[in-house]
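Quick note: the coordinates plus some simple rules give every number you see, no bench work behind them. None of these values were measured; they are calculated from a predicted model. So basically every Cβ, Gly included, is an ideal-geometry build from the backbone, and we count neighbours across all protein chains shown.
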Amino acid sequence: MSRFSTFPFILEHAISISISDLKKWNYLRKGAINSGVLNWMQGGSERGRVSIKVDMDAKICHIILDYTYNETGFTERILLKGVESNLGAGNIWYFVCPRTQKLCRKLYFKRGYFISRFAILDHYYKNQTKSHRDRKFDKHLQIALQAENLVTDLEAKHFKRYYAGVPTKRYLKIIQKVRESERVGFPDVLGYINGTKM
């Protein structure tokens, strides 16, 4: 019998279902029952498939997930809870985690079950698995790439650099970011590539 892998569980790579997805697909309408199939693709091949039924008509709102894992069929019922918005604009919907009973906005698939990140003890975000050097490199690369977008903003057709002879706040902010990228971004990225910057 094979063992479970000891690789870290990276949340960004996991199969997941989120409240924002259900909202985007219009599945959270009060009094409605919606169903569909969720597919996850990786490298052109199917990584996972789940049949989903969202019941917002029942006294206790819930979703039902039907899927297969290791040639075993699973049917999982996960409760939904609406919490009144602090702005008074309706409800904010949450999943009730089947393991911890905590409210969450996203469920991750691990070892046959959809659970919240609070129930996954060995979870990491992608950035946490990178070395300190790689994180610094990514930061400097983002600053360097940001400069290209800012320069195109400056050259836009109707961009106003000055209003009544005074530089606009947007223009000053863009100039400051371009200077920062020239000072920090490109030289550091080249240093990392050449191996002179550690």
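Taking each residue as 0.36 nm, the span from Lys130 to Gln101 lengthens on full extension beyond its C-alpha to C-alpha distance by 7.3 nm. Taking the longest Cα principal axis of the chain as reference, the axis of helix 132-154 is set at about 70 degrees. The H on the amide N of Lys102, modeled in the peptide plane, is under 5 Å from the matching H of Cys97, each at least 5 residues off or on a different chain. Quick note on the chain: its Rg to Rh ratio, both from C-alpha atoms and Rh being the Kirkwood radius, is 1.12.
Applying 1/(1 + (r/R0)^6) with R0 = 25 Å to the Cβ-Cβ distance of His13 and Lys81, what FRET efficiency is obtained, to the nearest 0.05? Working from the Cβ atoms, E equals 0.35.
Sorted from greatest to least, the principal axis extents spanned by the alpha carbons of segment 21-113 come out as 44, 27, 24 Å. What angle, in degrees between 0 and 90 and rounded to the nearest 10, separates the Cα long axis of helix 169-180 from the longest principal axis of the Cα atoms of the chain? Tilt of helix 169-180: around 80 degrees.
Computing FRET efficiency as 1/(1 + (r/R0)^6) for Asp21 and Thr168, where r is the C-beta to C-beta distance and R0 is 35 Å, gives about 0.35.
With 18 Å as the limit on Cα-Cα distance, the pairs of Lys53/Lys106; Lys110/Lys130; Lys24/Lys106; Lys106/Lys139; Lys24/Lys126; Lys24/Lys102 that go past it are Lys110/Lys130; Lys106/Lys139; Lys24/Lys126; Lys24/Lys102.
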